[in-house]
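Peer 1: This is the structure, below, for whatever I ask next.
The values are calculated or read from the model by the stated rules, or taken from the named source; none is laboratory data. The model shown is predicted, which means the values in this text are computed figures rather than measured ones. Neighbour counts are summed over all protein chains in view; Cβ atoms, including those assigned to glycine, are modelled from backbone coordinates with ideal geometry.
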Amino acid sequence: MKRGTIIALAILVVLIAAFFATRDQAPTTVATPYKLKKIDVSRIELTRPRDGGAELVVLQKGESGWKLTKPVESELSPTAQKEITAAFETQLTTDDIKLSKDKLAEYELDEPQAVKVALFEAKSEQPAAEFSVGKEIVVKQTRARRSYIMSDKGKPYRARISYNALRLPMKDLRSRVVFSNPRDKISELTLSPATGDSITLLKNADGTWFIKDLGLRPEMSVVNSILSSMSSLNAVDFTDKKLSEIGLKPPTTTVKAKVGDAYVGLAVGKAGEEYFARPTDSEEAYKISPTMATNMLAGLDELRDRLPKKVEYK
């Protein structure tokens with residue numbers, strides 16, 4: 001064999017050896033996949049990264065499901081409720097894939113990105129289990145959703161379920177439902193402006209409406225809009241602004257509805273071109289659509305029927 005050929009073969013062998021020495025190693029199975037003991041979880045505390053610091057988010061389990069209790073009190077969005085319920089009905093187990101501690105940033109399990117999870121059983125102030133949640137992935141072959149997690153011992157794993165709901169932005173974690181009342185049970189509406197006289201509308205036994213004290217039919221397009229808001233009002237966004245900055249610090253315009261034998265109320269305000277609302281029994285404010293807000297701010301001129309006619313209350 002010629003000397004040049006031998007040298008070429010030697011170089012090839014060195015290159016092949018270097019390739020196998022430096023390439024990323026395929027994941028290998030671990031002897032014992034991580035498995036969290038079965039816990040009857042009643043409270044979840046999340047320490048989530050926010051603006052260079054940390055935010056405490058607390059979820060409490062009740063008879064109707066999970067609710068948000070910190071940093072605000074709120075129902076969960078349908079998506080968050082479904083995913084969190086499913087995640088904690090199942091025992092946490094992991095795939096048999098060995099993950100490198102050198103890739104915590106890639107798994108989003110490093111300090112600036114990971115969500116720390118503490119699970120509590122009923123009436124306990126000490127966590128029954130703790131772990132961290134990182135990035136969610138989708139397995140190509142099965143389209144199954146998985147989350148990277150890290151045990152309380154600092155070892156990374158890939159869970160066999162997604163915990164991504166615990167990482168949702170607050171605007172996606174919270175429910176956007178401001179009001180949910182049976183429309184057919186609403187029999188009375190009272191619009192009270194910040195200044196001026198209140199206007200009350202009553203529903204007849206036959207389902208028609210009239211303006212109390214005036215005995216006039218109202219403009220039903222306006223009434224129907226108000227009924228829609230008082231029966232099913234969803235926020236378009238949330239706000240951290242003070243009530244005084246969005247026209248919701250008393251005195252303010254309020255709409256009160258009689259639903260069955262109970263009354264519910266909504267305060268409505270405006271700041272610039274944006275409209276806001278809050279239930280009168282809450283300090284939590286929501287941004288609502290101009291269409292919903294405008295008719296709730298209606299005065300007597302807007303409420304009068306275009307063709308007024310005296311009616312009698314039956």
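Peer 1: Among the residues of the range 187-196, is any more than 30 Å from Pro78 (Cα to Cα) and among the β-branched types (Val, Ile, Thr)?
Peer 2: Yes; the residues of the range 187-196 include at least one that is more than 30 Å from Pro78 (Cα to Cα) and among the β-branched types (Val, Ile, Thr).
Peer 1: At least 3 residues that are out of contact with any Ser or Thr (no Cβ under 8 Å at 6 or more places or on another chain) and surrounded by 12 or more Cβ atoms within 10 Å (Cβ to Cβ) in each: list the strands (runs of 3 or more DSSP E) lying fully within the range 43-138 that qualify.
Peer 2: Here the list reads 129-138.
Peer 1: List every residue pair whose Cβ atoms lie under 9 Å apart, where the two residues are 6 or more positions apart in sequence or sit on different chains, the first residue falls within the range 116-143 and is of a type outside the set (S, T, N, Q), and the second residue, located anywhere, is part of a loop (DSSP other than H, G, I, E, B) and exposed (fewer than 10 other Cβ atoms within 10 Å of the Cβ).
Peer 2: Phe120/Gln126; Ala128/Lys37; Ala129/Lys37
Peer 1: Can you spot a residue in the range 296-307 that is of a type in the set (A, V, I, L, M, F, W, C) and modelled with pLDDT of 90 or more? So that I can check it myself, show each step before the final result.
Peer 2: Step one: of the range 296-307, the residues of a type in the set (A, V, I, L, M, F, W, C) are 296-298, 300, 303, 307.
The next check asks that each one be modelled with pLDDT of 90 or more; those that pass are none.
Within the range 296-307, not a single residue is of a type in the set (A, V, I, L, M, F, W, C) and modelled with pLDDT of 90 or more.
Peer 1: Same structure again: Look through Gly65, Gly52 and report the one residue that is within 21 Å of the chain's Cα centre (by Cα) and on the phi > 0 side of the Ramachandran plot. Talk me through it step by step, then tell me what you get.
Peer 2: Values: Gly52 fails: within 21 Å of the chain's Cα centre (by Cα).
The conditions single out Gly65.
Peer 1: Next question, about the same structure. Could you check the range 140-176 and list, in sequence order, the residues that are hydrophobic (A, V, I, L, M, F, W, C) and in contact with a strand residue (DSSP E or B) (Cβ under 6 Å, 6 or more places away or on another chain)?
Peer 2: At the first step, the residues of the range 140-176 found to be hydrophobic (A, V, I, L, M, F, W, C) are 144, 149-150, 159, 161, 165-166, 168, 170, 173.
Result: Ile149, Met150, Ala159, Leu166.
Peer 1: Can you find, within the range 244-261, the residue that is nearest to the chain's Cα centre (by Cα) among those that are surrounded by 18 or more Cβ atoms within 10 Å (Cβ to Cβ) and over 23 Å from Asp197 (Cβ atoms)?
Peer 2: Ile246
Peer 1: Among Lys171, Lys153, Lys241, which is the only one that is within 19 Å of the chain's Cα centre (by Cα), under 30 Å from Pro127 (Cα atoms) and exposed (fewer than 15 other Cβ atoms within 10 Å of the Cβ)? Reasoning before the result, please.
Peer 2: Numbers: Lys153 fails: within 19 Å of the chain's Cα centre (by Cα); Lys241 fails: under 30 Å from Pro127 (Cα atoms).
It is Lys171.
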